[in-house]
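Everything below concerns the one structure shown next.
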Amino acid sequence: MEIKHICCIGAGYVGGPTMAVLAQKCPHLRITIVDANPEKIQAWNSDDLQNLPVFEPGLADIIQKVRGKNLFFSTDIDKSIQEADTLFISVNTPTKTYGKGKGMAADLKFVELCVRKIAEVSKDRKIVIEKSTIPVKTASLIKTILEQSDSKVEFHVLSNPEFLAEGTAVENLVNPDRVLIGGESMEAIEALSKVYENWIPKEKIITTNLWSSELSKLVANAFLAQRVSSINAISELCEATGANIAEVAKAVGSDSRIGPKFLNASVGFGGSCFQKDLLNLVYIARSYNLDAVADYWEQVLIINNHQKKRFADQIVKKLYNTLADKKIGVLGWAFKKDTNDTRESPAIYVSHDLLNEQAVLQIFDPKVKKQRIYEDLESLTDKDYDLNTQVQVFQDPYEALHEVHAIAVLTEWEEFKELDWEKIYKNMRKPAFIFDGRRLLTDKNLQDLGFKYYVIGGE
Ligand code: UDX
Ligand code: ADP
(Lines give C-alpha, C1' and ligand atoms only; values in the text may rest on other atoms or scores of the structure.)
(Ligands and ions follow the chains in the order given, each with its own letter.)
Protein backbone atom coordinates (compact mmCIF):
# COMPACT_ATOMS: atom_id res chain seq x y z
CA MET A 1 0.00 0.00 0.00
CA GLU A 2 1.42 3.37 -0.96
CA ILE A 3 -0.12 6.80 -0.57
CA LYS A 4 0.17 8.90 -3.73
CA HIS A 5 -2.99 10.87 -4.12
CA ILE A 6 -4.81 12.46 -1.19
CA CYS A 7 -8.22 14.07 -0.97
CA CYS A 8 -8.96 16.09 2.16
CA ILE A 9 -12.63 16.76 2.83
CA GLY A 10 -13.04 20.05 4.72
CA ALA A 11 -11.01 23.18 3.93
CA GLY A 12 -11.14 24.72 7.41
CA TYR A 13 -8.71 25.46 10.21
CA VAL A 14 -7.55 21.84 10.33
CA GLY A 15 -7.73 20.74 6.67
CA GLY A 16 -6.18 23.89 5.15
CA PRO A 17 -2.94 24.22 7.14
CA THR A 18 -2.43 20.45 7.52
CA MET A 19 -2.63 19.76 3.80
CA ALA A 20 -0.54 22.83 2.92
CA VAL A 21 2.35 21.58 5.07
CA LEU A 22 1.87 18.01 3.80
CA ALA A 23 2.07 19.29 0.21
CA GLN A 24 5.20 21.29 0.98
CA LYS A 25 6.99 18.43 2.71
CA CYS A 26 5.90 15.77 0.20
CA PRO A 27 6.23 17.23 -3.32
CA HIS A 28 5.69 13.73 -4.76
CA LEU A 29 2.12 13.62 -3.37
CA ARG A 30 -0.85 15.12 -5.18
CA ILE A 31 -3.31 16.64 -2.73
CA THR A 32 -6.79 18.01 -3.38
CA ILE A 33 -8.80 19.77 -0.69
CA VAL A 34 -12.56 19.86 -1.22
CA ASP A 35 -15.28 21.65 0.68
CA ALA A 36 -19.06 21.83 0.51
CA ASN A 37 -18.76 25.62 0.71
CA PRO A 38 -17.84 26.98 -2.77
CA GLU A 39 -17.03 30.47 -1.42
CA LYS A 40 -14.39 28.99 0.85
CA ILE A 41 -12.79 27.12 -2.06
CA GLN A 42 -12.87 30.28 -4.14
CA ALA A 43 -11.13 32.18 -1.34
CA TRP A 44 -8.42 29.49 -1.03
CA ASN A 45 -7.88 29.78 -4.79
CA SER A 46 -7.80 33.58 -4.75
CA ASP A 47 -4.71 35.64 -5.58
CA ASP A 48 -5.42 37.73 -2.51
CA LEU A 49 -3.19 35.72 -0.19
CA GLN A 50 -3.77 38.14 2.68
CA ASN A 51 -7.42 37.10 2.86
CA LEU A 52 -7.29 33.31 2.82
CA PRO A 53 -10.13 31.70 4.83
CA VAL A 54 -7.63 30.83 7.57
CA PHE A 55 -5.02 33.23 8.89
CA GLU A 56 -1.93 31.47 10.26
CA PRO A 57 1.60 32.87 10.42
CA GLY A 58 3.58 31.40 7.50
CA LEU A 59 0.60 29.77 5.81
CA ALA A 60 0.16 32.21 2.90
CA ASP A 61 3.81 31.69 1.87
CA ILE A 62 3.37 27.93 1.74
CA ILE A 63 0.10 28.21 -0.19
CA GLN A 64 1.80 30.44 -2.72
CA LYS A 65 4.54 27.85 -3.24
CA VAL A 66 2.45 24.67 -3.51
CA ARG A 67 -0.92 25.77 -4.85
CA GLY A 68 -1.39 24.63 -8.44
CA LYS A 69 1.73 22.43 -8.18
CA ASN A 70 0.73 19.58 -5.90
CA LEU A 71 -2.00 21.21 -3.80
CA PHE A 72 -5.40 21.93 -5.34
CA PHE A 73 -8.66 23.32 -3.98
CA SER A 74 -11.84 22.05 -5.60
CA THR A 75 -15.60 21.89 -5.20
CA ASP A 76 -15.83 18.68 -7.21
CA ILE A 77 -16.09 16.38 -4.21
CA ASP A 78 -17.11 13.17 -6.03
CA LYS A 79 -14.33 13.30 -8.60
CA SER A 80 -11.69 14.22 -6.01
CA ILE A 81 -12.70 11.28 -3.80
CA GLN A 82 -12.64 8.90 -6.75
CA GLU A 83 -9.19 9.97 -7.89
CA ALA A 84 -7.57 9.67 -4.45
CA ASP A 85 -6.19 6.58 -2.74
CA THR A 86 -6.36 8.24 0.68
CA LEU A 87 -9.09 10.42 2.18
CA PHE A 88 -8.74 12.71 5.17
CA ILE A 89 -11.98 13.66 6.93
CA SER A 90 -11.45 17.19 8.28
CA VAL A 91 -15.00 18.44 8.59
CA ASN A 92 -16.33 20.27 11.61
CA THR A 93 -17.71 18.39 14.63
CA PRO A 94 -19.43 21.06 16.74
CA THR A 95 -21.34 20.39 19.95
CA LYS A 96 -24.90 19.23 19.25
CA THR A 97 -27.51 21.97 19.44
CA TYR A 98 -30.54 19.69 19.31
CA GLY A 99 -31.96 16.33 20.43
CA LYS A 100 -30.19 13.71 22.53
CA GLY A 101 -26.89 14.96 23.91
CA LYS A 102 -27.82 18.61 23.12
CA GLY A 103 -25.16 20.98 24.44
CA MET A 104 -22.82 18.09 25.30
CA ALA A 105 -22.22 15.46 22.62
CA ALA A 106 -20.36 16.07 19.38
CA ASP A 107 -22.56 16.50 16.34
CA LEU A 108 -21.37 13.92 13.85
CA LYS A 109 -23.76 14.82 11.07
CA PHE A 110 -21.01 16.33 8.90
CA VAL A 111 -18.74 13.32 9.42
CA GLU A 112 -21.58 10.95 8.61
CA LEU A 113 -22.52 12.85 5.43
CA CYS A 114 -18.93 12.75 4.38
CA VAL A 115 -18.60 9.00 4.98
CA ARG A 116 -21.84 8.27 3.12
CA LYS A 117 -20.47 10.25 0.19
CA ILE A 118 -17.23 8.24 0.28
CA ALA A 119 -19.20 4.98 0.37
CA GLU A 120 -21.38 6.12 -2.51
CA VAL A 121 -18.77 7.28 -4.99
CA SER A 122 -15.63 5.20 -4.28
CA LYS A 123 -14.68 2.69 -6.96
CA ASP A 124 -11.40 1.31 -5.63
CA ARG A 125 -9.53 0.67 -2.36
CA LYS A 126 -9.21 3.67 -0.02
CA ILE A 127 -7.52 4.53 3.24
CA VAL A 128 -10.03 6.66 5.19
CA ILE A 129 -8.50 8.81 7.92
CA GLU A 130 -10.38 10.64 10.66
CA LYS A 131 -8.58 13.90 11.29
CA SER A 132 -11.40 15.90 12.91
CA THR A 133 -11.73 15.62 16.69
CA ILE A 134 -14.41 13.05 17.27
CA PRO A 135 -15.81 11.03 20.16
CA VAL A 136 -14.32 7.64 20.96
CA LYS A 137 -15.84 4.91 18.80
CA THR A 138 -16.57 7.16 15.82
CA ALA A 139 -14.32 4.91 13.74
CA SER A 140 -16.80 2.10 14.27
CA LEU A 141 -19.57 4.32 12.87
CA ILE A 142 -17.35 5.09 9.88
CA LYS A 143 -16.50 1.42 9.38
CA THR A 144 -20.11 0.30 9.63
CA ILE A 145 -21.29 2.78 7.00
CA LEU A 146 -18.42 1.95 4.66
CA GLU A 147 -18.70 -1.82 5.07
CA GLN A 148 -22.44 -1.82 4.47
CA SER A 149 -22.29 0.21 1.31
CA ASP A 150 -23.14 -1.44 -2.00
CA SER A 151 -19.76 -0.60 -3.51
CA LYS A 152 -17.87 -3.64 -2.13
CA VAL A 153 -14.76 -1.47 -2.10
CA GLU A 154 -12.02 -2.26 0.46
CA PHE A 155 -11.72 0.51 3.10
CA HIS A 156 -9.01 0.85 5.75
CA VAL A 157 -10.04 3.22 8.53
CA LEU A 158 -7.39 5.09 10.54
CA SER A 159 -7.52 7.69 13.29
CA ASN A 160 -4.84 10.38 12.94
CA PRO A 161 -5.86 13.20 15.29
CA GLU A 162 -4.62 16.73 14.79
CA PHE A 163 -2.74 18.34 17.66
CA LEU A 164 -2.01 21.69 16.03
CA ALA A 165 -2.81 24.82 17.97
CA GLU A 166 -4.11 27.82 16.06
CA GLY A 167 -1.69 30.69 15.62
CA THR A 168 1.20 28.21 15.61
CA ALA A 169 -0.33 25.66 13.21
CA VAL A 170 2.48 25.73 10.66
CA GLU A 171 5.17 25.41 13.32
CA ASN A 172 3.27 22.57 15.04
CA LEU A 173 2.85 20.73 11.75
CA VAL A 174 6.45 21.16 10.66
CA ASN A 175 7.86 20.16 14.03
CA PRO A 176 5.23 18.19 15.99
CA ASP A 177 5.80 16.70 19.46
CA ARG A 178 4.31 13.49 18.11
CA VAL A 179 2.13 12.07 15.37
CA LEU A 180 -0.52 9.60 16.46
CA ILE A 181 -1.87 6.93 14.13
CA GLY A 182 -4.51 4.50 15.37
CA GLY A 183 -5.88 1.63 13.36
CA GLU A 184 -6.30 -2.07 12.78
CA SER A 185 -4.77 -2.35 9.32
CA MET A 186 -1.00 -2.54 9.71
CA GLU A 187 -0.41 -1.87 6.01
CA ALA A 188 -2.50 1.30 6.12
CA ILE A 189 -0.74 2.47 9.30
CA GLU A 190 2.61 1.90 7.64
CA ALA A 191 1.60 3.71 4.47
CA LEU A 192 0.53 6.79 6.45
CA SER A 193 3.60 6.59 8.67
CA LYS A 194 5.79 6.62 5.53
CA VAL A 195 4.19 9.92 4.48
CA TYR A 196 5.03 11.58 7.81
CA GLU A 197 8.53 10.10 7.79
CA ASN A 198 9.31 12.47 4.92
CA TRP A 199 10.02 15.10 7.58
CA ILE A 200 9.27 13.69 11.02
CA PRO A 201 11.64 11.30 12.85
CA LYS A 202 10.14 7.82 13.11
CA GLU A 203 10.43 7.74 16.91
CA LYS A 204 7.91 10.59 17.10
CA ILE A 205 5.27 8.54 15.28
CA ILE A 206 3.15 6.66 17.82
CA THR A 207 0.87 3.87 16.66
CA THR A 208 -2.04 2.59 18.75
CA ASN A 209 -5.36 0.89 18.34
CA LEU A 210 -8.23 3.00 17.01
CA TRP A 211 -9.94 3.70 20.32
CA SER A 212 -6.73 4.73 22.14
CA SER A 213 -5.97 7.19 19.37
CA GLU A 214 -9.44 8.72 19.44
CA LEU A 215 -9.46 8.97 23.24
CA SER A 216 -5.91 10.37 23.42
CA LYS A 217 -6.95 13.42 21.44
CA LEU A 218 -9.82 14.20 23.82
CA VAL A 219 -7.65 13.59 26.87
CA ALA A 220 -4.76 15.74 25.60
CA ASN A 221 -7.15 18.67 25.18
CA ALA A 222 -8.82 17.98 28.53
CA PHE A 223 -5.42 18.02 30.30
CA LEU A 224 -4.42 21.29 28.61
CA ALA A 225 -7.75 22.91 29.46
CA GLN A 226 -7.42 21.64 33.02
CA ARG A 227 -4.07 23.40 33.38
CA VAL A 228 -5.62 26.69 32.28
CA SER A 229 -8.56 26.29 34.65
CA SER A 230 -6.21 25.34 37.48
CA ILE A 231 -4.10 28.47 37.07
CA ASN A 232 -7.22 30.59 36.56
CA ALA A 233 -8.75 29.26 39.78
CA ILE A 234 -5.57 30.27 41.59
CA SER A 235 -5.61 33.69 39.89
CA GLU A 236 -8.76 34.55 41.83
CA LEU A 237 -7.09 33.48 45.04
CA CYS A 238 -4.09 35.67 44.16
CA GLU A 239 -6.31 38.70 43.66
CA ALA A 240 -7.95 38.05 47.04
CA THR A 241 -4.69 37.52 48.94
CA GLY A 242 -2.26 39.91 47.29
CA ALA A 243 -0.19 37.13 45.72
CA ASN A 244 0.87 37.48 42.08
CA ILE A 245 -0.15 34.70 39.69
CA ALA A 246 2.90 35.13 37.44
CA GLU A 247 5.20 34.63 40.41
CA VAL A 248 3.19 31.63 41.60
CA ALA A 249 3.16 30.12 38.09
CA LYS A 250 6.92 30.56 37.79
CA ALA A 251 7.59 28.98 41.16
CA VAL A 252 5.23 26.10 40.52
CA GLY A 253 6.23 25.58 36.89
CA SER A 254 9.92 25.36 37.81
CA ASP A 255 9.23 21.90 39.19
CA SER A 256 10.31 19.75 36.26
CA ARG A 257 7.41 17.38 36.93
CA ILE A 258 4.94 20.23 36.39
CA GLY A 259 6.76 22.30 33.74
CA PRO A 260 6.38 26.00 32.85
CA LYS A 261 4.11 25.85 29.79
CA PHE A 262 0.39 26.58 29.64
CA LEU A 263 0.29 28.33 33.00
CA ASN A 264 -0.74 31.79 31.81
CA ALA A 265 -3.73 33.05 33.75
CA SER A 266 -6.33 34.57 31.46
CA VAL A 267 -9.91 35.70 31.12
CA GLY A 268 -10.65 32.06 30.23
CA PHE A 269 -9.88 29.61 27.46
CA GLY A 270 -11.69 29.67 24.16
CA GLY A 271 -11.25 28.00 20.79
CA SER A 272 -13.11 25.31 18.97
CA CYS A 273 -11.60 22.38 20.87
CA PHE A 274 -11.31 22.68 24.63
CA GLN A 275 -14.94 23.22 25.56
CA LYS A 276 -16.24 20.87 22.90
CA ASP A 277 -13.86 18.09 23.85
CA LEU A 278 -14.48 18.47 27.58
CA LEU A 279 -18.24 18.37 27.03
CA ASN A 280 -17.71 15.32 24.90
CA LEU A 281 -15.55 13.61 27.53
CA VAL A 282 -18.12 14.37 30.23
CA TYR A 283 -20.90 13.06 27.99
CA ILE A 284 -19.04 9.84 27.23
CA ALA A 285 -18.22 9.27 30.92
CA ARG A 286 -21.87 9.80 31.88
CA SER A 287 -23.05 7.48 29.15
CA TYR A 288 -20.95 4.74 30.79
CA ASN A 289 -22.42 5.76 34.21
CA LEU A 290 -19.04 7.06 35.37
CA ASP A 291 -20.49 10.03 37.21
CA ALA A 292 -17.46 10.76 39.42
CA VAL A 293 -15.25 10.91 36.31
CA ALA A 294 -17.77 13.13 34.52
CA ASP A 295 -18.10 15.49 37.51
CA TYR A 296 -14.32 15.81 37.76
CA TRP A 297 -13.87 16.98 34.16
CA GLU A 298 -17.00 19.13 34.19
CA GLN A 299 -15.41 21.22 36.92
CA VAL A 300 -12.77 22.43 34.40
CA LEU A 301 -15.58 24.02 32.38
CA ILE A 302 -17.31 25.41 35.44
CA ILE A 303 -14.14 27.29 36.43
CA ASN A 304 -13.72 28.56 32.87
CA ASN A 305 -17.23 29.99 32.76
CA HIS A 306 -16.73 31.46 36.21
CA GLN A 307 -13.53 33.18 35.10
CA LYS A 308 -15.23 34.94 32.14
CA LYS A 309 -18.17 35.95 34.31
CA ARG A 310 -16.13 37.29 37.18
CA PHE A 311 -14.03 39.39 34.78
CA ALA A 312 -17.18 41.09 33.45
CA ASP A 313 -18.56 41.42 36.99
CA GLN A 314 -15.37 43.14 38.10
CA ILE A 315 -15.70 45.75 35.36
CA VAL A 316 -19.24 46.52 36.47
CA LYS A 317 -18.21 46.71 40.12
CA LYS A 318 -15.22 48.98 39.56
CA LEU A 319 -17.23 51.29 37.31
CA TYR A 320 -19.48 52.12 40.26
CA ASN A 321 -22.00 49.32 39.61
CA THR A 322 -23.44 50.75 36.44
CA LEU A 323 -22.38 50.62 32.83
CA ALA A 324 -25.49 52.27 31.41
CA ASP A 325 -24.36 54.41 28.46
CA LYS A 326 -20.70 54.06 29.42
CA LYS A 327 -18.31 53.34 26.60
CA ILE A 328 -15.98 50.37 26.94
CA GLY A 329 -13.14 49.83 24.48
CA VAL A 330 -12.66 46.14 23.71
CA LEU A 331 -9.16 45.21 22.56
CA GLY A 332 -9.16 41.82 20.88
CA TRP A 333 -11.92 39.49 19.71
CA ALA A 334 -10.04 36.35 18.57
CA PHE A 335 -9.84 33.53 21.16
CA LYS A 336 -6.05 34.01 21.23
CA LYS A 337 -3.41 36.00 19.35
CA ASP A 338 -2.27 35.25 15.80
CA THR A 339 -5.56 33.80 14.61
CA ASN A 340 -8.76 35.16 13.09
CA ASP A 341 -10.75 32.36 14.75
CA THR A 342 -13.34 33.53 17.27
CA ARG A 343 -15.00 30.25 18.17
CA GLU A 344 -15.85 30.21 21.90
CA SER A 345 -13.72 33.32 22.37
CA PRO A 346 -14.02 34.70 25.91
CA ALA A 347 -14.46 38.15 24.28
CA ILE A 348 -17.91 37.09 23.08
CA TYR A 349 -19.16 36.16 26.53
CA VAL A 350 -17.56 39.06 28.39
CA SER A 351 -18.99 41.48 25.82
CA HIS A 352 -22.41 39.86 26.11
CA ASP A 353 -22.42 40.46 29.87
CA LEU A 354 -21.25 44.07 29.45
CA LEU A 355 -23.91 44.73 26.81
CA ASN A 356 -26.60 43.30 29.08
CA GLU A 357 -25.46 45.95 31.59
CA GLN A 358 -26.27 48.51 28.85
CA ALA A 359 -22.66 49.39 28.06
CA VAL A 360 -21.69 50.72 24.63
CA LEU A 361 -18.81 48.68 23.18
CA GLN A 362 -16.14 50.01 20.81
CA ILE A 363 -14.31 46.97 19.50
CA PHE A 364 -10.99 46.51 17.74
CA ASP A 365 -9.26 43.31 16.62
CA PRO A 366 -6.42 43.31 14.07
CA LYS A 367 -7.60 40.17 12.24
CA VAL A 368 -11.29 39.59 12.94
CA LYS A 369 -13.77 41.04 10.47
CA LYS A 370 -16.63 43.27 11.60
CA GLN A 371 -19.28 40.91 10.26
CA ARG A 372 -17.86 38.01 12.31
CA ILE A 373 -18.13 40.05 15.52
CA TYR A 374 -21.78 40.88 14.86
CA GLU A 375 -22.54 37.25 13.95
CA ASP A 376 -20.89 36.01 17.15
CA LEU A 377 -23.04 38.30 19.26
CA GLU A 378 -26.17 37.64 17.24
CA SER A 379 -25.81 33.90 17.82
CA LEU A 380 -26.25 34.31 21.59
CA THR A 381 -29.54 34.03 23.44
CA ASP A 382 -30.71 36.09 26.46
CA LYS A 383 -29.81 39.38 24.79
CA ASP A 384 -31.15 42.32 26.68
CA TYR A 385 -29.51 44.81 24.31
CA ASP A 386 -29.53 46.36 20.87
CA LEU A 387 -26.52 45.45 18.77
CA ASN A 388 -27.08 48.32 16.34
CA THR A 389 -26.84 51.07 18.91
CA GLN A 390 -24.55 49.43 21.48
CA VAL A 391 -21.81 47.89 19.34
CA GLN A 392 -19.35 49.61 17.04
CA VAL A 393 -16.39 47.89 15.38
CA PHE A 394 -13.32 49.93 14.40
CA GLN A 395 -10.36 49.37 12.11
CA ASP A 396 -8.12 51.64 14.12
CA PRO A 397 -7.37 50.96 17.80
CA TYR A 398 -7.10 54.66 18.70
CA GLU A 399 -10.55 55.34 17.29
CA ALA A 400 -11.96 52.36 19.20
CA LEU A 401 -10.49 53.71 22.45
CA HIS A 402 -11.46 57.35 21.90
CA GLU A 403 -13.44 58.77 24.84
CA VAL A 404 -14.09 55.39 26.45
CA HIS A 405 -14.55 55.05 30.20
CA ALA A 406 -12.67 51.76 30.37
CA ILE A 407 -10.67 49.32 28.25
CA ALA A 408 -10.97 45.53 28.38
CA VAL A 409 -7.98 43.63 26.96
CA LEU A 410 -9.40 40.30 25.84
CA THR A 411 -6.83 38.92 23.35
CA GLU A 412 -3.07 38.98 23.86
CA TRP A 413 -2.12 40.53 20.46
CA GLU A 414 1.52 41.65 20.71
CA GLU A 415 0.74 44.88 18.85
CA PHE A 416 -1.40 46.12 21.76
CA LYS A 417 1.79 46.45 23.78
CA GLU A 418 3.17 48.89 21.23
CA LEU A 419 0.20 51.27 21.35
CA ASP A 420 0.84 54.83 22.48
CA TRP A 421 -0.71 54.48 25.94
CA GLU A 422 -0.05 58.08 26.86
CA LYS A 423 -2.07 59.27 23.88
CA ILE A 424 -4.83 56.77 24.69
CA TYR A 425 -4.97 58.01 28.30
CA LYS A 426 -5.33 61.62 27.16
CA ASN A 427 -8.31 60.78 24.98
CA MET A 428 -10.19 58.71 27.58
CA ARG A 429 -12.84 59.66 30.12
CA LYS A 430 -11.44 59.94 33.64
CA PRO A 431 -10.89 58.01 35.81
CA ALA A 432 -9.46 55.88 33.01
CA PHE A 433 -9.75 52.16 33.73
CA ILE A 434 -7.95 49.25 32.10
CA PHE A 435 -9.01 45.65 32.78
CA ASP A 436 -6.29 43.36 31.49
CA GLY A 437 -7.68 39.87 30.95
CA ARG A 438 -4.44 38.57 29.45
CA ARG A 439 -1.76 40.05 31.71
CA LEU A 440 -0.47 41.68 28.53
CA LEU A 441 0.37 45.14 29.84
CA THR A 442 1.83 44.33 33.27
CA ASP A 443 5.22 45.92 32.50
CA LYS A 444 3.85 49.11 30.91
CA ASN A 445 3.65 51.03 34.20
CA LEU A 446 0.19 52.18 33.25
CA GLN A 447 -0.54 53.46 36.75
CA ASP A 448 2.27 55.98 36.31
CA LEU A 449 0.44 57.38 33.29
CA GLY A 450 -2.68 57.84 35.42
CA PHE A 451 -4.64 54.69 34.57
CA LYS A 452 -6.51 52.61 37.10
CA TYR A 453 -5.09 49.25 36.06
CA TYR A 454 -6.66 45.92 37.05
CA VAL A 455 -5.14 42.67 35.93
CA ILE A 456 -6.25 39.04 36.16
CA GLY A 457 -4.20 37.32 38.85
CA GLY A 458 -3.00 40.43 40.71
CA GLU A 459 -0.08 42.79 40.25
C1 UDX B 1 -5.85 23.40 21.30
C2 UDX B 1 -4.69 22.44 21.59
O3 UDX B 1 -3.57 23.17 22.13
C4 UDX B 1 -4.29 21.71 20.32
O5 UDX B 1 -3.28 20.74 20.61
C6 UDX B 1 -5.52 21.02 19.74
O7 UDX B 1 -5.21 20.36 18.53
C8 UDX B 1 -6.64 22.02 19.49
O9 UDX B 1 -6.93 22.71 20.71
P10 UDX B 1 -6.04 25.84 20.25
O11 UDX B 1 -7.45 25.79 20.71
O12 UDX B 1 -5.76 26.26 18.86
O13 UDX B 1 -5.37 24.40 20.42
O14 UDX B 1 -5.21 26.84 21.18
P15 UDX B 1 -4.42 26.77 22.56
O16 UDX B 1 -3.12 27.41 22.37
O17 UDX B 1 -4.42 25.42 23.14
O18 UDX B 1 -5.28 27.75 23.47
C19 UDX B 1 -6.61 27.46 23.87
C20 UDX B 1 -7.14 28.55 24.77
O21 UDX B 1 -6.50 28.51 26.05
C22 UDX B 1 -6.93 29.96 24.23
O23 UDX B 1 -8.09 30.74 24.45
C24 UDX B 1 -5.76 30.48 25.03
O25 UDX B 1 -5.76 31.88 25.13
C26 UDX B 1 -6.01 29.81 26.36
N27 UDX B 1 -4.78 29.66 27.17
C28 UDX B 1 -3.76 28.84 26.74
C29 UDX B 1 -4.65 30.32 28.37
O30 UDX B 1 -5.56 31.05 28.78
N31 UDX B 1 -3.51 30.16 29.11
C32 UDX B 1 -2.49 29.36 28.71
O33 UDX B 1 -1.49 29.26 29.45
C34 UDX B 1 -2.62 28.69 27.48
P1 ADP C 1 -12.07 22.65 11.75
O2 ADP C 1 -11.60 23.62 12.79
O3 ADP C 1 -12.41 21.31 12.34
O4 ADP C 1 -11.17 22.56 10.56
P5 ADP C 1 -13.89 24.31 10.16
O6 ADP C 1 -15.31 24.69 10.44
O7 ADP C 1 -12.85 25.35 10.10
O8 ADP C 1 -13.52 23.20 11.25
O9 ADP C 1 -13.81 23.51 8.77
C10 ADP C 1 -14.60 22.42 8.44
C11 ADP C 1 -14.98 22.53 6.96
O12 ADP C 1 -15.65 21.33 6.56
C13 ADP C 1 -15.94 23.68 6.63
O14 ADP C 1 -15.33 24.53 5.68
C15 ADP C 1 -17.19 22.97 6.05
O16 ADP C 1 -17.76 23.70 4.97
C17 ADP C 1 -16.61 21.65 5.56
N18 ADP C 1 -17.60 20.56 5.48
C19 ADP C 1 -18.49 20.17 6.42
N20 ADP C 1 -19.20 19.10 6.00
C21 ADP C 1 -18.75 18.81 4.76
C22 ADP C 1 -19.08 17.80 3.79
N23 ADP C 1 -19.99 16.87 4.05
N24 ADP C 1 -18.42 17.81 2.62
C25 ADP C 1 -17.46 18.74 2.37
N26 ADP C 1 -17.10 19.70 3.24
C27 ADP C 1 -17.73 19.75 4.42
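The values are calculated or read from the model by the stated rules, or taken from the named source; none is laboratory data. These figures come from a predicted structure and were not determined experimentally. Methodologically, a virtual Cβ is constructed for each residue, glycine included, from the backbone with ideal geometry; neighbour enumeration extends over all protein chains shown. Note: areas computed on protein heavy atoms with side chains; ligands, DNA, RNA excluded. Shrake-Rupley method; radii C 1.70, N 1.55, O 1.52, S 1.80 Å.
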Please work out the average accessible area per residue across the chain, using the 1.4 Å probe convention, and give it in Å². 45
Any chance you could check the Cα centroid distance between region 53-106 and region 403-431 for me, in angstrom? 38
So, by mean Cβ neighbours within 10 angstrom, what's the order for 52-63, 370-381 with the highest one leading? 52-63, 370-381
For the chain, what is the percent of antiparallel DSSP beta bridges, rounded to the nearest 5? 5
If you take the charge dipole of the chain about its Cα centre, with +1 on Lys and Arg Cβ and -1 on Asp and Glu Cβ, which of 68, 5, 220 is farthest toward its positive end? 220
Put +1 on the Cβ of each Lys and Arg and -1 on the Cβ of each Asp and Glu in the chain; which of 272, 156, 173 then has its Cα farthest toward the positive end of the dipole? 156
Let's test this: bin the Cα-Cα distances of region 5-208 at 10 Å from zero up to the farthest pair and state each bin's percent. 9, 36, 38, 16, 1
Leaving out ligands, DNA and RNA, what percent of the accessible area of region 302-455 is carbon and sulfur, probe 1.4 Å? 43
Determine the alpha carbon to alpha carbon distance for each of 204/337; 40/204; 326/423; 137/309 and list only those over 24 Å. 204/337; 40/204; 137/309
Per DSSP, the loop-located chymotrypsin sites (Phe, Trp or Tyr not before Pro) within region 264-312 having at most 14 other beta carbons within 10 Å are 288
Dipole of region 76-141 (Lys/Arg Cβ +1, Asp/Glu Cβ -1, origin at the Cα centre): which of 138, 115, 97 lies farthest to the positive side? 97
Under 11 Å from a point 7 Å along the Cα-to-Cβ line of residue 82: which residues of region 94-122 have their amide N that close? 121-122
Determine the share of region 5-208's accessible area contributed by carbon and sulfur atoms, expressed in whole percent, with a 1.4 angstrom probe. 49
Nothing charged except the Cβ atoms of Lys and Arg (+1) and of Asp and Glu (-1): what's the magnitude of the dipole of region 13-128 about its Cα centre? Round to the nearest 20 debye. 400
Show that you can apply the helix-only estimate: for the chain, add -39,500 (n - 2.57) for every DSSP H stretch of four or more residues, divide by all residues, and state [θ] at 222 nm to the nearest 500. -13000 deg cm²/dmol
Magnitude of the Cβ-charge dipole of the chain, K/R +1 and D/E -1, about the Cα centre, nearest 20 debye? 260
Euclidean distance of C-alpha centroids, region 227-285 and region 133-187, integer Å: 29
Candidate cut points under trypsin sites (Lys or Arg not before Pro) in region 134-187, DSSP loop plus at most 15 other Cβ atoms within 10 Å of their own Cβ, are 137, 152, 178
Normalised contact order of region 302-455, rounded percent, pairs of Cα under 8 Å and 6 or more residues apart: 24
Taking 60 Å as R0, compute the FRET efficiency from the Cβ-Cβ separation of residue 148 and residue 378 and round it to 0.05. 0.90
Classify region 200-287 from the C-alpha gyration tensor, please: rounded if a/c falls under 1.5, else prolate or oblate depending on whether a/b exceeds b/c. oblate
Based on the alpha-carbon gyration tensor of region 289-349 and its eigenvalue square roots a ≥ b ≥ c, which shape applies: rounded if a/c is under 1.5, prolate if not and a/b is larger than b/c, or oblate? oblate
Show me the trypsin sites (Lys or Arg not before Pro) within region 227-274 that DSSP assigns to loop and that have at most 12 other Cβ atoms within 10 Å of their Cβ. 257, 261
What does the charge dipole of region 302-455 about its Cα centre add up to, to the nearest 20 debye, if the Cβ of each Lys and Arg holds +1 and the Cβ of each Asp and Glu holds -1? 380
Shape of region 302-455, Cα gyration tensor, a/c cut at 1.5: rounded
Averaging sequence separations of C-alpha pairs under 8 Å and six or more residues apart, then dividing by the length of the chain, give the relative contact order as a whole percent. 12
